[in-house]
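First up is the structure itself, then whatever we jot down about it.
The values are calculated or read from the model by the stated rules, or taken from the named source; none is laboratory data. Predicted model only: the values in this text are computed from it and were never measured. All Cβ positions, glycine included, derive from the backbone under ideal geometry; neighbour counts span all protein chains shown.
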Amino acid sequence: MFAEFIESTHGKKQLCYLDYRYCFKRKSQNGSEYWVFVKCTATATSYSDLSVVVRDEHTPLPDENDKVVLEMRKNLKRKAIEDSGPIDRIVEEAYHTINIRSSDLIINLPTINTLTNNLQKHRRKTRPPVPRTIEQLPLPLPDVYCKTTQGDWFLLYDGLLGGTRSLIFSTYNDIASLSQQQHWYSDGTFYTCPSIFYQTYSIHAYYDGISTPCVFALLGGKSEEIYFDLFAVIFKKMMEFKLFIKLRTITIDFELGVANVFTKHYPIVTVRGCLFHYGQALFHKFVDVGLKTAYKDDENLRDWFRSFAAISLLPLHHMLWGLQYLLGIKPNYPGIQEFLDYYHNT
């Protein structure tokens with residue numbers, strides 16, 4: 001049995017021999033190396049011919065899984081750096097793989113929480129600190145944030161949109177794909193946005209019933225000026241890439257600033273509203289005027305409210321009739337008139 005040398009999770013040289021693992025202590029003048037067992041006072045000496053002499057008896061029994069677990073932990077640390085995905089997912093996949101191989105291996109691993117925390121700390125050491133204000137955001141951005149995991153350049157724009165610093169992400173292939181589609185879909189979200197920005201805005205190419213995200217923008221607000229600059233940058237990049245823009249319609253989330261941009265500056269593009277966001281906006285107003293409890297308790301009121309969103313699905317020449325019908329059966333609740341005023345005004 002010959003010596004086998006491996007690297008610890010901290011990058012230190014270690015010796016594996018007869019299912020025992022030793023830490024390097026020192027090297028003698030004749031070239032031999034002195035090692036100490038990691039779990040007791042037993043020692044070993046390795047020689048240039050890979051032979052090993054063990055001194056003292058080991059207190060614990062040999063563990064054939066010890067080396068395997070060490071390799072797994074090293075691979076996890078490497079993956080935490082190379083893979084930009086969530087640490088929780090990386091750990092979960094590793095535990096699933098280990099469990100398939102042998103449930104005995106899991107006993108030798110740290111708990112999921114401990115392993116997750118260790119990997120998060122390791123990742124933070126290899127990356128720039130997360131900025132807490134927009135002023136702390138590096139300029140230019142480090143390459144680690146500008147490329148995809150495949151190495152494609154991902155940062156399309158880093159500069160001012162509507163007077164505030166914003167970031168636009170997209171690869172050349174994504175921009176090319178977006179330019180070739182006649183229908184786009186755009187939406188903003190506030191819940192998954194980094195705290196130093198106001199919203200994450202995405203633009204999707206819609207084709208054959210499938211919506212594919214092509215552009216992601218971190219924006220500092222939701223003003224008309226910001227949206228104008230955003231789409232101006234995208235159209236300019238498409239022209240720089242010598243792409244033919246086929247856009248004819250865009251479905252939006254009823255953000256007035258976006259609608260105004262296309263109405264004023266790109267009138268050839270038809271703006272459509274998303275039915276989901278339309279119904280969502282109506283419901284938010286219904287709740288704001290104090291009708292949440294009544295909506296929950298009164299089935300007739302629920303049917304009446306839902307019909308307002310359904311009007312948009314009627315043929316154009318039937319819409320007015322549908323609205324008049326709903327007004328004729330208006331429920332008698334405080335707040336109903338305020339809701340109707342909102343509906344008419346928007």
Original post:
Which one of Ala309, Ala294 is of a type in the set (Gly, Ala, Ser), under 28 Å from His183 (Cα atoms) and touching a residue at least 12 places away in the same chain (Cβ under 8 Å)?
Top reply: Ala309
Subject >> Which listed residue is surrounded by fewer than 15 Cβ atoms within 10 Å (Cβ to Cβ) and aromatic (Phe, Trp, Tyr), from Tyr198, Tyr191 >> reply: Tyr191
Subject >> the stretch 130-140, residues that are under 19 Å from Cys193 (Cβ atoms) and either of a type in the set (D, E, K, R) or over 18 Å from the mean Cα position of the chain (by Cα) (or both) >> reply: Arg132, Thr133, Ile134, Glu135, Gln136, Leu137, Pro138
Subject >> Meets criteria (more than 19 Å from Glu240 (Cβ to Cβ), of a type in the set (Ser, Thr, Tyr), touching a His at 6+ places or on another chain (Cβ under 6 Å) and not assigned by TED's automatic domain parsing to the domain that holds Arg73) for Tyr198 >> reply: no
Original post:
Does Tyr157 qualify as being in contact with a strand residue (DSSP E or B) (Cβ under 6 Å, 6 or more places away or on another chain), assigned to a strand (DSSP E or B), more than 22 Å from Pro129 (Cα to Cα) and of a type outside the set (Val, Ile, Thr)?
Top reply: no
Subject >> Residue satisfying all of: in the stretch 263-286; among the aliphatic types (A, V, I, L, M) and surrounded by 14 or more Cβ atoms within 10 Å (Cβ to Cβ); modelled with the highest pLDDT among these >> reply: Val269
Subject >> Subset of the stretch 100-134 that is in a loop (DSSP other than H, G, I, E, B) and surrounded by 15 or more Cβ atoms within 10 Å (Cβ to Cβ) - its residue that is modelled with the lowest pLDDT >> reply: Asn108
Subject >> In the stretch 160-174, the residues that are in a strand (DSSP E or B) and surrounded by fewer than 14 Cβ atoms within 10 Å (Cβ to Cβ) >> reply: Leu160
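Kindly indicate the residue of the stretch 7-44 that is hydrophobic (A, V, I, L, M, F, W, C) and in a loop (DSSP other than H, G, I, E, B) and also modelled with the lowest pLDDT among those meeting that condition. Don't jump to the end; show me each part of the working.
Step one: filter the stretch 7-44 for residues hydrophobic (A, V, I, L, M, F, W, C), giving 15-16, 18, 23-24, 35-38, 40, 42, 44.
Okay, now just the ones that are also in a loop (DSSP other than H, G, I, E, B), so 18, 38, 40, 42.
Working: Leu18: 64, Val38: 67, Cys40: 69, Ala42: 76.
This residue is Leu18.
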Original post:
Out of all the residues in the stretch 293-319, which are surrounded by 13 or more Cβ atoms within 10 Å (Cβ to Cβ), of a type outside the set (Gly, Ala, Ser) and part of a helix (DSSP H, G or I)?
Top reply: Tyr295, Leu301, Arg302, Trp304, Phe305, Arg306, Phe308, Ile311, Met319
**OP:** Look through the stretch 138-175, keep the residues that are among the aliphatic types (A, V, I, L, M) and more than 26 Å from Tyr206 (Cα to Cα), and return whichever of them is modelled with the lowest pLDDT.
**Re:** Val144
